[in-house]
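The values are calculated or read from the model by the stated rules, or taken from the named source; none is laboratory data. Quick caveat: nothing in here was measured; it's all calculated off a predicted structure. Neighbour counts run over all protein chains shown; Cβ positions are idealised from the backbone, glycine included. In case anyone asks, the SASA skips ligands and DNA or RNA and just uses the protein heavy atoms, side chains included. Shrake-Rupley method; radii C 1.70, N 1.55, O 1.52, S 1.80 Å.
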Amino acid sequence: MFSRLLIANRGEIALRVIRACRELGIVSVAVYSQADRDAYYLTQADERICIGPGEASESYLNIPRIISAAEISNVEAIHPGYGFLAENDHFADICAECKIQFVGPRPQSMRLLGDKVKARALAQQAKVAIIPGSQGVVPDVESATICAQEIGYPVIIKAAAGGGGRGMRIVHNEINLRSAFHNAQSEAASAFKNSAVFLEKYLDQARHVEVQVAADNVGNIIHLWERDCSLQRRHQKVIEESPSPVISNNLRAELCKAAIRLIKEAEYVNLGTVEFLLDKDDKYYFSEVNTRIQVEHPITEMVTGIDMVKWQLRIAAGENINKRQKDIHQQGVAIECRINAEDPENDFKPSPGRIERFVAPGGLGVRLDSHAYAGYEISPHYDSLIGKLIVHKKTRAEAIACMKRALREFEISPIKTTIPLCLEILSHPQYVKGNVDTGFIERTW
Ligand code: MV4
């Protein structure tokens, strides 16, 4: 195992990685921007290095500064967390050149799966269903018109270098195709420095179900079952749960097998998430692979009892997975609510500022992953996540009751948070039935 590790991230995920390091006896080195100088995670790290001003481009996204911090602190490995450089294959290349172990998959896997057109082709090779769509990149409007006629409207235009919902355009008829195609291309060019786009049939009212997988360097691949992440708003997940409340055991087994086929085909190593979209008839289709630890990983940890960050570190250090698939079970139900500094009354505008009062919930089955405290100032520089509230109970009904109780206990003021929204969702009859899709929040609120 590594003896020293740098965490190229901030906030709750930096704290999460530091906690795993502590328990594994790894010396943790935190980095921080000037805007984060009072952050709690810095007090828990063994060492800390300031890497620049508040703007992410000058600190957490700045590769030379991160690498310099790693060289100065003499670490063997870098954990990228999520966001920032976590899925940047160029960064992973540079880590390798500098003989620093990147805690994640190999750079070529990140390149392959980061290209959504290549990922579709890979899924096809692995005999995993893909959404009907274009054969590769669509070069111009003329080809797009022909392709859309073949697959039938509505279609969705996606950026090859996109993912996570960025750079997508839904098109309902040929009249709108031309402008949507050009807009999608130029948006992709400016957002991802790559204008390539492709087409898929648009699935209305899809559900988002993702399978967590882990693979080691000697070809052991196991899955940690699924998470249902259908409750999203503007591509930001709001509430996640595991197991999915709506899929049958047969479908669950199929999704997990499909995820493993794809990960095997990619010769993938370390933790990854295979995302699927489910249509109204419960047909499932491959969507994309996330090559990082995800925000919602705690619900998988709660139902499986596995510390996923420790697994990430062990696999990156060359250790093999010492568990068998048959010994990994889903026990009970876990739900996570993301608590953001946003104002649900005001179109979810970020609500940065100083937290004066912070009272954390507790009790049996309650977990809070948060870097915030009374007196902490939420910076406008970064995403507005204050923390993640996770509950774990035997049944879904108990988990919902526990989450509602814990959300009511949770006091954060005077900034606005998404706690009231989460409470409303948890009381909604459609949510209680498990009958929600990715458009539910926007239709209902
Ligand atoms: C789709 C889709 C419907 N049809 N693809 C969004 C995140 C990315 N992983 C894939 N996403 C989607 N892809 C097809 N062919 C619906 C989504 C989607 C979505 C779309 C519009 C508004 C909100 C959404 C939330 C989740 C998923």
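Over the chain, the Kirkwood radius and the radius of gyration, each from Cα atoms, give a ratio Rg/Rh of 0.95. Inter-label distance, T395 to A96: 5.1 nm, where each label sits 7 Å from its Cα along the C-beta direction. Sorting the segments 280-288, 294-302 by their mean number of nearby beta carbons within 10 angstrom, highest to lowest, gives 294-302, 280-288. Available extension along the chain between K264 and S413 is 48.9 nm, counting 0.36 nm per residue and deducting the alpha carbon span. Would you mind classifying the range 387-443 by shape? Square roots of the alpha carbon gyration tensor eigenvalues, ordered a ≥ b ≥ c; an a/c under 1.5 is rounded, otherwise it is prolate if a/b is larger than b/c and oblate if not. Oblate shape, in that a/c is at least 1.5 and b/c is the bigger or equal ratio. To the nearest 10, the accessible area of W311 is 30 Å² with a 1.4 Å probe. The trypsin sites (Lys or Arg not before Pro) of the range 309-361 that DSSP puts in a loop, and whose beta carbon has at most 11 other beta carbons within 10 Å, are R324.
Connecting C-alpha atoms closer than 10 Å in a GNM of the chain, tell me which of N340, N322, N220 has the biggest fluctuation. Of the options given, N322 has the highest mean-square fluctuation.
Would the range 1-111 count as rounded, prolate or oblate if I go by the C-alpha gyration tensor, calling it rounded below 1.5 in a/c and otherwise prolate when a/b exceeds b/c, oblate otherwise? Taking the square roots of the gyration eigenvalues as a ≥ b ≥ c, the range 1-111 is oblate.
If you plug the beta carbon distance of H182 and Q205 into 1/(1 + (r/R0)^6) with R0 = 25 Å, you get a FRET efficiency near 0.35. Normalised by the number of residues in the range 334-386, the average gap of Cα pairs under 8 Å and 6 or more apart makes the relative contact order 44 percent. Each peptide in 197-207, 127-137 receives the mean, over its residues, of other Cβ atoms within 10 Å, and ordering these scores from highest gives 197-207, 127-137. Cysteines of the chain lacking any other cysteine Cβ under 4.7 Å from their own Cβ: C21, C50, C95, C98, C147, C229, C256, C402.
Spatially, the range 284-314 and the range 143-205 are offset by 29 Å when compared through their Cα centroids.
Computed over protein heavy atoms with a 1.4 Å probe, the carbon and sulfur contribution to the accessible area of the range 224-350 reaches 41%. Taking each of K201/K416; K127/K158; K264/K310 in turn, the alpha-carbon distance tops 27 angstrom for K201/K416.
Applying a threshold of 27 Å to the alpha-carbon distances of K118/K257; K193/K388; K280/K393 flags K193/K388; K280/K393 as lying beyond it.
With protein chains left intact and a 1.4 Å probe, residues in the chain average 42 Å² of accessible area per residue. Here the range 1-129 has 48 percent of its accessible surface on carbon and sulfur atoms, given a 1.4 Å probe and all protein chains in place.
A straight Cα-to-Cα reach below 18 Å connects K349 with the aspartates and glutamates E377, D383, E442, residues fewer than 8 places away in its own chain not being considered.
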